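Every number in this text was worked out from the coordinates using simple rules, so none of it is lab data. Quick caveat: nothing in here was measured; it's all calculated off a predicted structure. Neighbour counts are summed over all protein chains in view; Cβ atoms, including those assigned to glycine, are modelled from backbone coordinates with ideal geometry.
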Amino acid sequence: GENVEQHPSTLSVQEGDSAVIKCTYSDSASNYFPWYKQELGKGPQLIIDIRSNVGEKKDQRIAVTLNKTAKHFSLHITETQPEDSAVYFCAARDSSYKLIFGSGTRLLVRP
Amino acid sequence: NAGVTQTPKFQVLKTGQSMTLQCAQDMNHNSMYWYRQDPGMGLRLIYYSASEGTTDKGEVPNGYNVSRLNKREFSLRLESAAPSQTSVYFCASSEGGPGLAGASYEQYFGPGTRLTVT
């Protein structure tokens with residue numbers, strides 16, 4: 001079955017710098033890759049997603065890139081702000097349409 | 001719209017006790033899910049219900065049962081709680097899902113239930 005690996009597990013950046021989180025997946029049939037943000041004490045919330053027929057997608061300060069050949073995808077956050085501090089999860093939708101999640105990245109943006 | 005609601009928010013059980021976690025959604029979604037979240041392990045799927053009247057096992061179903069009561073509600077039951085079931089439990093829902101053609105597969109999550117089994 002699908003396996004998703006995510007790194008780094010923790011990331012600390014200075015406010016205004018960029019942050020990059022990377023994920024790899026194992027099932028070449030996976031075709032949908034969402035990213036979720038989880039703030040303390042809350043449930044995960046979708047922030048951006050990408051489908052396998054697209055190489056890059058951008059929404060204001062966040063962007064996701066997908067390399068199908070290498071089976072990896074990344075989340076890029078530019079001009080980070082303290083409110084970006086949270087845990088971020090990547091996921092891949094497997095061939096039975098279930099989401100398989102990475103282990104999460106705790107992002108800390110230092111003011 | 002409240003989205004996805006879960007009760008209770010917190011629960012402490014003794015080993016061997018039983019309890020049911022409740023989940024409801026008001027978005028008319030077809031599919032609903034139960035996940036558990038443990039430190040360093042992300043979210044793991046326990047059970048899901050692709051549509052009203054169906055339920056299927058996920059990655060970690062042992063020790064749990066579910067009921068899709070109607071389109072809105074999906075409950076998770078622990079018959080005999082064990083310390084290994086100490087976790088944060090999230091319910092989620094989506095319009096489309098496993099085996100279903102839907103307009104959106106985006107999953108919306110509830111606020112979670114923090115369960116401790118002593």
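Each residue of the range B:30-35 was assigned a 3J(HN,Hα) from its phi angle through the Karplus curve 6.51 cos²θ - 1.76 cosθ + 1.60 (θ = phi - 60°); the sequence is 7, 10, 9, 9, 10, 10 Hz, with glycine and proline shown as x.
The phi torsions of the range B:3-18, fed into the Karplus equation with coefficients 6.51, -1.76 and 1.60 and a -60° offset, translate into couplings of x, 10, 10, 10, 9, x, 7, 9, 7, 10, 10, 8, 3, x, 6, 10 Hz, rounded to whole numbers, with Gly and Pro shown as x. Calculated FRET efficiency, B:LYS57 to A:GLN14, Cβ-Cβ distance, R0 = 41 Å: about 0.35 to the nearest 0.05. Averaging Cα coordinates gives a centre for the range A:79-104 and one for the range B:10-45; these two points are 18 Å apart.
Hey, got a sec? Which trypsin sites (Lys or Arg not before Pro) in the range A:1-50 land in a DSSP loop and have at most 16 other Cβ atoms within 10 Å?
On the way: sites: A:LYS22, A:LYS37, A:LYS42; in loops: A:LYS42.
Sites meeting the loop and neighbour criteria: A:LYS42.
Where Rh denotes the Kirkwood radius from the mean inverse Cα pair distance, what is Rg over Rh for the range A:65-111?
Numbers: Rg = 13.4 Å, Rh = 12.6 Å.
Using only Cα positions, Rg/Rh for the range A:65-111 is 1.06.
Each peptide in B:18-24, A:77-83 gets a packing score, the mean of other Cβ atoms within 10 Å over its residues, and the list from highest to lowest is B:18-24, A:77-83.
Packing, as the average of other Cβ atoms within 10 Å across residues, places the peptides B:67-76, B:88-97 in the order B:88-97, B:67-76, highest first. Counting only other chain Cβ atoms within 10 Å of each residue's Cβ, the peptide A:43-52 averages 4.
Scalar couplings 3J(HN,Hα) for the range A:30-39, obtained by applying the Karplus form with A = 6.51, B = -1.76, C = 1.60 to θ = phi - 60°, are 5, 9, 9, 9, x, 10, 10, 10, 10, 8 Hz; x denotes Gly and Pro. The Cα-based radius of gyration of the range B:10-108, divided by its Kirkwood radius, gives an Rg/Rh of 0.97.
Holding the Cα-Cα limit at 18 Å, pick out from A:LYS22/A:LYS58; A:LYS42/B:LYS9; A:LYS68/B:LYS57; A:LYS37/A:LYS58 the pairs that are longer than that.
A:LYS68/B:LYS57
By count of other Cβ within 10 Å, fewest leading, how are A:HIS7, A:HIS72 ordered? Numbers along the way, then the final one.
Values: A:HIS7 13, A:HIS72 16.
Exposure proxy ranking, most exposed first: A:HIS7, A:HIS72.
The protein assembly as shown has equivalent-ellipsoid semi-axes of 29, 21, 16 Å, by the square roots of 5 times the alpha carbon gyration tensor eigenvalues, sorted largest first.
State, as an integer percentage, the relative contact order of chain A based on alpha-carbon contacts under 8 Å between residues 6 or more apart.
On the way: 282 pairs, mean separation 41.3, N = 111.
This gives 37 percent for chain A.
Bin width 10 Å, alpha-carbon pairs only: give the P(r) of the range B:49-106 as whole percents, running from 0 to the bin holding the largest distance. Final binned percentages: 19, 50, 26, 6. The value of relative contact order for chain B, using C-alpha pairs under 8 Å at least six residues apart, is 34 percent. Centroid-to-centroid, using Cα positions, the range B:58-118 and the range A:1-65 are 22 Å apart.
Using only alpha-carbon positions in chain A, the gyration tensor eigenvalues give semi-axes of 23, 14, 12 Å once each is multiplied by 5 and square-rooted (largest first).
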